[in-house]
Amino acid sequence: MEGVGSSFCVYDNNFCIYSWNSKLSPYNTIYQAGAFVILNALNWHLNHHQTRSFIIVSNSQSVITALIKNWQNNKMLQDVIKSVLTFKGTCGVISWVKAHTGIVGNDRADELAKKATLLTFTGTSTQLPLTKSYVSSILFKYIMDAWQSRWDSLLNGRFPCEFLPKVSLTHLYDNYFLNLFLTNRGPFPSFLQYISEK
């Protein structure tokens with residue numbers, strides 16, 4: 001798994017004066033990388049050119065949209081807003097640009113992010129919090145694997161396994177008679193004989 005890389009470049013008078021990249025943990029998302037890059041670019045500007053105006057251009061439309069509409073629900077976006085508010089008397093713009101359109105700074109940042117994905121992830125690499133979607137997907141996979149293992153190891157009641165060898169949430173039926181048939185319960189001779197023997 002290559003993972004996710006993040007990077008930004010600082011341009012002044014069409015010259016790259018600084019660039020940064022980092023590999024994120026394998027469980028981080030591109031969305032997190034986009035927000036993390038904007039936060040790092042703002043912090044870099046705060047530490048180096050606080051009194052000068054700035055333009056931050058990102059090709060992460062989802063992050064830009066979330067900054068405008070829904071930043072309250074995301075800790076990293078809250079940090080971006082707080083960072084923006086620390087600039088006193090400075091004009092700043094955070095804008096979206098379409099990716100892979102020949103914009104030099106954006107293409108260079110993409111190139112650096114791709115290089116970062118090829119780096120070996122170490123404990124000193126950038127570690128961001130787990131996303132809810134990642135935790136949900138891991139739990140869902142664990143539950144489905146445990147269910148499949150239990151389904152495969154059934155000793156009794158193997159009749160439904162012939163029709164449904166793989167467990168799935170899409171194989172749920174709300175037809176009462178079909179469920180009776182698939183589970184071999186109901187007014188069938190084999191089930192009635194089983195009941196009468198008890």
Check your understanding: Is there a residue being assigned to a loop (DSSP other than H, G, I, E, B) and either more than 16 Å from A113 (Cα to Cα) or without any contact (Cβ under 8 Å) to a residue 12 or more places away in the chain (or both) anywhere in segment 39-46?
Key -> no
Review point. Considering only residues of segment 165-198 that are under 23 Å from M144 (Cβ atoms) and surrounded by 12 or more Cβ atoms within 10 Å (Cβ to Cβ), which is modelled with the highest pLDDT?
Key: V167
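Return the residues of segment 9-27 that are surrounded by fewer than 18 Cβ atoms within 10 Å (Cβ to Cβ) and part of a strand (DSSP E or B); say none if nothing qualifies.
Keep residues of segment 9-27 that are surrounded by fewer than 18 Cβ atoms within 10 Å (Cβ to Cβ), which gives 11-20, 25-26.
Matches in segment 9-27: Y11, D12, F15, C16, I17, Y18, S19, W20.
Can we say I30 is closer than 22 Å to S133 by Cα, under 27 Å from the mean Cα position of the chain (by Cα) and buried (at least 19 other Cβ atoms within 10 Å of the Cβ)? It would help to see each step written out before you state the result.
On the way: closer than 22 Å to S133 by Cα: yes; under 27 Å from the mean Cα position of the chain (by Cα): yes; buried (at least 19 other Cβ atoms within 10 Å of the Cβ): no.
Criteria not met by I30.
The values are calculated or read from the model by the stated rules, or taken from the named source; none is laboratory data. Every value quoted in this text rests on a predicted model; they were computed, and no experiment measured them. Neighbour counts run over all protein chains shown; Cβ positions are idealised from the backbone, glycine included.
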